[in-house]
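Visitor: I'd like to ask you about the structure that follows.
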Amino acid sequence: MTDKYTDLTIHSAHELLKAKKLSSVELTRYYLDRIGKIDQAVRAVVTVTGDLALRQAEKADKLIAGGKDGPLTGVPVLIKDNMCIDGIRTTCSSKMLENFIPPYNATVVEKLNNAGAVIVGKANMDEFAMGSSTENSAFFTTHNPWDLSRVPGGSSGGSAAGVAACEAVYALGSDTGGSIRQPAGFCSVTGLKPTYGRVSRYGLVAFASSLDQIGPLTKDVLDSALVMNVISGQDPKDSTSVPETVPDFTKGLNGDLKGMKIGIPKEYFVEGMQPEVDAAVKEAIRKLEELGAKVEWGVSLPHTRHALAVYYIIAPSEASANLARYDGSKYGFSYQDTNNMWEGMEKTKQLGFGPEVKRRIMLGTYALSSGYYDAYYLKAQKVRTLIRREFNQAFEKYDALVTPTSPTIPFKIGEKADNPLQMYLSDICTLPVNIAGIPAISIPAGFAKNLPIGMQVIGKPFAEETIFKISYAYQQVTDWHKKTPKL
Ligand code: GLN
């Protein structure tokens, strides 16, 4: 397969398009062709949107010709299959929504459209974004492009693998407990979870509404900033989006970290972490020091150890409420082979949802039931406040915190599929960030046994600029992010 354009980023593609060295239609055809050949092995894409992409590419070429383009104009993107695109199947990788065609666009899709983006496909994911390996997709498992026998991470595994395998220049994912950052780490791409409320969730199929956030998966930090410039901002259609001004996220990217204070929380170098991950991330932190940052080791965030428990009460509770709508009477899969309404609803859920989704609904329903609400849900909300407070205190002293993204390198397909608890532990370093609603990025920070390792940079609320600045500086002196897998 030709790898003519596999090193393209959004900014380098934009230059080619602007200089008329290439048209968006040509670029789009190249990517559609590449998906056609490579995706048989990677399986990142649930639906290829070829017609839509070519229509958008023609429009983009006109915008460029008329000088009305922006950085994203004409550049191919994959959208995680839990964001609605008008007239295009949005499945959430679930049988429940296998044939669901939304009649409207998610706000992020609308914003990409206005920027002249070219959508080449919908990316595979864990069903309803529940999982850490993309093995919970009801359709097929996505493979890690660095080693096809391994998982790409999840739940935005299709988005991450698709970008790593150059099936698109960038992708959108969603992150409820790590679903952008963990697969970004596993596939060696750059993945940002913005501050809760920074990006509109309108048109994102809800998993856990107080934790979900949409963000970009890109080849580098500059690209991530360019996407954020387009998708951020308050949206009247999402009352939890925040009226915070949207800065130009590319502004502070200058490679200089002098005066920056970075804390290294010891609880994130957890027991059971693979020594290669520990070593690579510590090495990367020393690089930040060389760039002028003042690094303080051994910072303590003691409530971190409760984050997993808190998450697995709050996320399933919200999921159980959000998923109640799939009863076969409104839209989505509906079991018809009965005259009994109750049996119809029961069978719809039984056949429409996969095992992990059912597990979450049961956990959530239990935690919210009247006898247990105080003991579980309410208690979890209180500990959530403590975790948030602890981060706030740390940010009085530090501009950012740096941790590994995940305790392990990508594991084998099937390795953790029968052990939900082991699977849940994949997100131990990313979950606390969603609980606190703060932003964090995962960037490539090395390899062990030819498999990627990610480093996470966590920032204050709405301080995406700071974490971009730090991770951009790191990418100026390293080239992990420039490596591409051989396929
Ligand atoms: N792996 C976590 C879960 O299964 C996080 C998923 C996500 O961020 N969407 O809940």
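Here, each number is a calculation from the coordinates, and none is a lab measurement. As the structure is a computational prediction, the values presented were derived from the model and not from experiment. Note: ideal-geometry Cβ built from the backbone for every residue, glycine included; neighbour counts use all protein chains shown.
Visitor: Can you give the Rg/Rh ratio of region 358-408, where Rg is from the C-alpha atoms and Rh is the Kirkwood radius?
Guide: 1.18
Visitor: Applying 1/(1 + (r/R0)^6) with R0 = 60 Å to the Cβ-Cβ distance of residue 369 and residue 20, what FRET efficiency is obtained, to the nearest 0.05?
Guide: With a Förster radius of 60 Å, E is 0.45.
Visitor: With a point put 7 Å past each Cα toward its Cβ, work out how far residue 283 is from residue 139 in nm, to one decimal.
Guide: For residue 283 paired with residue 139, the spin-label model returns 3.8 nm.
Visitor: Divide by every residue of the chain the summed helix terms, -39500 (n - 2.57) for each DSSP H run of at least 4, and state the resulting mean residue ellipticity at 222 nm, rounded to the nearest 500 deg cm²/dmol.
Guide: -11500 deg cm²/dmol
Visitor: I've got another one for you. Using 1/(1 + (r/R0)^6) with R0 = 56 angstrom and r between the beta carbons of residue 334 and residue 4, what's the FRET efficiency to the nearest 0.05?
Guide: For R0 = 56 Å, the calculated efficiency reads 0.75.
Visitor: So, by mean Cβ neighbours within 10 angstrom, what's the order for 460-473, 125-138 with the highest one leading?
Guide: Ranking, from highest mean packing down: 125-138, 460-473.
Visitor: To the nearest µm²/s, what D does Stokes-Einstein give for region 350-487 at 4 °C and 1.567 mPa s, using the Kirkwood radius over alpha carbon pairs as Rh?
Guide: Answer from the Stokes-Einstein relation: 73 µm²/s.
Visitor: Relative contact order for region 131-211: what percent, with Cα pairs under 8 Å and sequence separation of 6 or more?
Guide: 25
Visitor: Relative contact order of region 258-395: what whole-number percent is it, with Cα pairs under 8 angstrom and at least 6 residues apart?
Guide: 27
Visitor: Compute from the Cα atoms of region 1-129 the Rg and the Dmax, the latter being the longest Cα-Cα distance, and quote both in angstrom.
Guide: So, for region 1-129, Rg and Dmax equal 14.7, 46 Å respectively.
Visitor: Given an 8 Å cut-off on Cα distances and at least 6 residues of separation, report the relative contact order of the chain as a percent.
Guide: With pairs under 8 Å counted, the relative contact order is 18 percent.
Visitor: Expressed as a whole number of Å, what is the distance separating the alpha-carbon centroids of region 315-332 and region 374-418?
Guide: 26
Visitor: Search the structure for amide H atoms under 5 Å from the amide H of residue 299, placed 1.01 Å from N in the peptide plane, and list their residues when 5 or more places away or on another chain.
Guide: Answer set, sorted by chain and number: 264, 266.
Visitor: Could I ask something else about it? Along each of its three principal axes, how wide is the spread of alpha-carbon positions in the chain, in whole angstrom units, largest first?
Guide: Result, largest extent first: 64, 53, 44 Å.
Visitor: Give me the number: length gained by fully extending residue 41 to residue 449, i.e. 0.36 nm times residue separation minus the C-alpha to C-alpha distance, one decimal in nm.
Guide: The span from residue 41 to residue 449 would gain 144.8 nm if fully extended.
Visitor: Please work out the FRET efficiency for the pair residue 271 and residue 114, using the Cβ-Cβ distance as r and a Förster radius of 41 Å; give the result to the nearest 0.05.
Guide: 0.30
Visitor: Which of 193/482; 382/449; 294/416; 412/486 have a Cα-Cα distance over 30 Å?
Guide: With Cα atoms farther than 30 Å apart: 382/449; 294/416.
Visitor: Please sort 46-56, 336-346 by packing, taking for each peptide the average over its residues of neighbouring beta carbons within 10 angstrom, highest first.
Guide: Order by mean packing, descending: 46-56, 336-346.
Visitor: On a C-alpha basis, how far is the centre of region 56-135 from the centre of region 429-487 in Å? Whole number, if you could?
Guide: 24
Visitor: With only Lys, Arg, Asp and Glu charged, each at its Cβ (+1 for the first two, -1 for the last two), find how big the charge dipole of region 294-391 is about the Cα centre; round to the nearest 20 debye.
Guide: Here the size comes out at about 400 debye.
Visitor: Related question: Which one, 365, 385, 121, projects farthest toward the positive side of the charge dipole computed for the chain from Cβ point charges (K/R +1, D/E -1)?
Guide: 385
Visitor: Let me ask another. Please report, in debye to the nearest 20, how large the charge dipole of the chain is about its Cα centre when each Lys and Arg carries +1 at its beta carbon and each Asp and Glu carries -1 there.
Guide: Value, rounded to 20: 300 debye.
Visitor: Show log10 I(q)/I(0) for region 236-281 at q = 0.25, 0.30, 0.31, 0.34 Å⁻¹, two decimals, from a solvent-free Debye sum over equal Cα scatterers.
Guide: -0.94, -1.13, -1.16, -1.22
Visitor: May I pose another question? Sorted from largest down, give the three principal axis spans of the alpha carbons of region 264-394, whole angstrom values.
Guide: Principal-axis extents of the Cα atoms in region 264-394, largest first: 70, 32, 25 Å.
Visitor: Subtracting the Cα-Cα distance from 0.36 nm times the residue separation, let me have the gained length for residue 342 to residue 245 in nm, one decimal.
Guide: 30.1 nm
Visitor: Where the only charges are on Cβ atoms (+1 Lys, Arg; -1 Asp, Glu), what is the dipole of region 33-160 about its Cα centre, to the nearest 20 debye?
Guide: Taking the Cα centre of region 33-160 as origin, the dipole is about 160 debye.
Visitor: I need the peptides 155-168, 92-105 ranked by packing, meaning the mean over residues of other C-beta atoms within 10 angstrom, with the highest value on top.
Guide: 155-168, 92-105
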